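Structure, as structure tokens:
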Amino acid sequence: KNRAKGDSLANLSGTTRKSSRLSGAKTKLISLDYNVKDWNKDHSTIVQEENADDKDDDEDKEEEKVSFFKGRVSDGSDLSIHDAIHLNDSKWIRDNSVDLAEQLFNDLKTQATPACGSSEKKKKVNSPTSVVSTEDGVSLEERVTNMVEGLSIDNEEWVAKVTPDRIYCVATHPNESKLICCAGDKGGYVGLWDVDAVATPETDNNHGVSLFRPHSRPICCLEWLNNHNMVSASYDGSVRRLNVEKGVFEEIFATYDDSDTTYLGDVGYGLDQGYSYWTQFVTTDHRYKGTSNPCLFVSTSFGEVFHLDLRVAEKKMITFHESVSDKKINSVSLHPNGTTLATGGLDGTVRLFDIRKFRDSRGSSRSPKPLCKQVAGLSISSSFFSPSGKSLLTTSFANKLDLTVDAHLKAGGETIKTTHSIRHN
């Protein structure tokens, strides 16, 4: 675990080692390979034989690469646009990749939409009970059915490959006049897609997509705090904030074990507990959303949930740290009342807690008692409160959607039943 803090990021963008399986003077490949540069119309290509000198050079560069804790992309230093792009695999980097990304960021800087969670007056959000029927006599169910059946792709050309691998999370920029779709994938890549971008000879190859690699493992969170700041988090234990105005990915939090005192002063020091430990789910605390320095809820593969207060950079702190399950927690959701927290994960149970009773219980065998719980049977993928807080929606591997009304009003640790359960295929 080499943690050479402050090492130049130039070491991170070394040439990808060529596959040793390539042999012969010319080999026709049908599948995608890291060394492919020019594709023919039949999606095949010709790869030239690599010589021994090239192999030696590549091996030397591999040895020169610096490794960081948990295989992260850096030691926690800020990543500029150039750095984050050149951490991509070489096949995703084009000569104009940096220029196009800088242009996208410049466009975002000029957007004047009110920030997420701003104090400006918002329209009243009606509760579900107030929209059961409409003035024209059409039921809510019929209205929703008609809306779903009427969905269509506005433009068949509005399809783009935003990330190299399987997408784990998606977020959209809060601006209402320009559609920017963001996606995070299995390999730690984050793609920003300008859906409304007009193709030009310079941008025709990227389809409006700017690709970065601020993390090394699956992305578990993408959330815009406001027009100019987006949080990204990963299984590699790091949380970064994309600062559009500065054009950098800033690390605002990271977990470490206690084997090295290099990061002794960091708030995440001592949290990491080994190979099977990772940050499973991260979400912003909506009570403070809109600020550039967020508060976060974080769940782990060890069944823990903790709350991070990052509002003051010099006073970052963990406000509570509790073990709520023996297995990983896949989902955390705070009720609009600001006190009821829903958790769900691999053990197939949704639990609701009063976070006012949470504290830092690291090193203790104590576990908090839930207000109530609900058993789904199989692993829970997500469990979220509706914007009004009236309903709790749970999805699980049991192939059903569970909707529970007023779950936050329960107490005493009872096991509650769902109000509606909808099976799907």
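The values are calculated or read from the model by the stated rules, or taken from the named source; none is laboratory data. Here the structure is a predicted model, which means the values were calculated and not measured. Cβ sites come from the backbone with ideal geometry, for glycine too, and all protein chains shown count toward neighbours. All accessible areas refer to the heavy atoms of the entire protein, side chains included, with ligands and DNA or RNA removed. Shrake-Rupley method; radii C 1.70, N 1.55, O 1.52, S 1.80 Å.
Could you run through the stretch 258-287 and say how many residues are free of Cβ contacts under 8 Å to residues at least 60 places away in the same chain and either crowded, with 19+ Cβ neighbours inside 10 Å or not in a strand (DSSP E or B) (or both)?
Summing the residues that are free of Cβ contacts under 8 Å to residues at least 60 places away in the same chain and either crowded, with 19+ Cβ neighbours inside 10 Å or not in a strand (DSSP E or B) (or both) in the stretch 258-287 gives 17.
Could you say whether any residue in the stretch 337-344 is part of a loop (DSSP other than H, G, I, E, B) and free of Cβ contacts under 8 Å to residues at least 24 places away in the same chain?
yes
The rows are residues; the columns are (1) open to solvent by 10 Å² or more (accessible area, probe 1.4 Å); (2) of a type in the set (V, I, T); (3) in contact with a strand residue (DSSP E or B) (Cβ under 7 Å, 6 or more places away or on another chain); (4) more than 18 Å from T343 (Cβ to Cβ).
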{"residue": "C220", "(1), (2), (3), (4)": "yes, no, yes, no"}
{"residue": "T255", "(1), (2), (3), (4)": "no, yes, yes, yes"}
{"residue": "K289", "(1), (2), (3), (4)": "yes, no, yes, yes"}
{"residue": "F306", "(1), (2), (3), (4)": "no, no, yes, no"}
{"residue": "V312", "(1), (2), (3), (4)": "yes, yes, no, yes"}
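Kindly indicate whether I167 is hydrophobic (A, V, I, L, M, F, W, C), open to solvent by less than 70 Å² (accessible area, probe 1.4 Å) and under 24 Å from the mean Cα position of the chain (by Cα).
no
Working only within the stretch 220-261, note down all residues that are of a type in the set (A, V, I, L, M) and within 15 Å of the chain's Cα centre (by Cα).
Across the stretch 220-261, the qualifying residues are L222, L225, M230, V231, A233, V239, L242, I252, A254.
Which count do you get for residues in the stretch 66-97 that are of a type in the set (A, V, I, L, M), in contact (Cβ under 8 Å) with a residue 40 or more places away in the chain and open to solvent by 20 Å² or more (accessible area, probe 1.4 Å)?
Of the residues in the stretch 66-97, 2 are of a type in the set (A, V, I, L, M), in contact (Cβ under 8 Å) with a residue 40 or more places away in the chain and open to solvent by 20 Å² or more (accessible area, probe 1.4 Å).
Pick from the stretch 264-323 the residues that are of a type in the set (A, V, I, L, M) and out of contact with any Leu (no Cβ under 9 Å at 6 or more places or on another chain): which of them is farthest from R356 (Cα to Cα)?
It comes out as L264.
If only one of S238, S232 is free of Cβ contacts under 8 Å to residues at least 60 places away in the same chain, crowded, with 22+ Cβ neighbours inside 10 Å and among the small types (G, A, S), which one is it?
Of S238, S232, the one residue that is free of Cβ contacts under 8 Å to residues at least 60 places away in the same chain, crowded, with 22+ Cβ neighbours inside 10 Å and among the small types (G, A, S) is S232.
Just for the stretch 102-154: of the residues that are surrounded by 10 or more Cβ atoms within 10 Å (Cβ to Cβ), among the aliphatic types (A, V, I, L, M) and closer than 30 Å to F212 by Cβ, which one is modelled with the lowest pLDDT?
A115
Across the stretch 288-310, what is the total count of residues that are small (G, A, S), assigned to a strand (DSSP E or B) and farther than 19 Å from F385 by Cβ?
Within the stretch 288-310, residues that are small (G, A, S), assigned to a strand (DSSP E or B) and farther than 19 Å from F385 by Cβ number 0.
Please tell me if R366 is open to solvent by 20 Å² or more (accessible area, probe 1.4 Å), in a helix (DSSP H, G or I) and farther than 17 Å from I416 by Cα.
Here the answer is no, as R366 does not meet what is asked.
In the stretch 170-186, which residue that is part of a loop (DSSP other than H, G, I, E, B) and in contact (Cβ under 8 Å) with a residue 40 or more places away in the chain is most open to solvent (accessible area, probe 1.4 Å)?
If we take residues in the stretch 170-186 being part of a loop (DSSP other than H, G, I, E, B) and in contact (Cβ under 8 Å) with a residue 40 or more places away in the chain, then E176 is most open to solvent (accessible area, probe 1.4 Å).
Can you name the residue in the stretch 392-415 that is of a type in the set (S, T, N, Q) and farther than 19 Å from D354 by Cβ and, of all such residues, is surrounded by the most Cβ atoms within 10 Å (Cβ to Cβ)?
This residue is T394.
Return a yes/no flag: does the stretch 303-314 have any residue that is closer than 30 Å to A376 by Cα, among the charged types (D, E, K, R) and more than 19 Å from the chain's Cα centre (by Cα).
No: the stretch 303-314 contains no residue that is closer than 30 Å to A376 by Cα, among the charged types (D, E, K, R) and more than 19 Å from the chain's Cα centre (by Cα).
Taking the stretch 380-425, which residues are among the aliphatic types (A, V, I, L, M) and in contact with a Gly (Cβ under 7 Å, 6 or more places away or on another chain)?
I380, A398
Every residue in the stretch 341-363 that is open to solvent by less than 20 Å² (accessible area, probe 1.4 Å), out of contact with any Gly (no Cβ under 6 Å at 6 or more places or on another chain), closer than 18 Å to N330 by Cβ and of a type outside the set (F, W, Y), please.
L341, A342, T343, G344, G345, T349, L352
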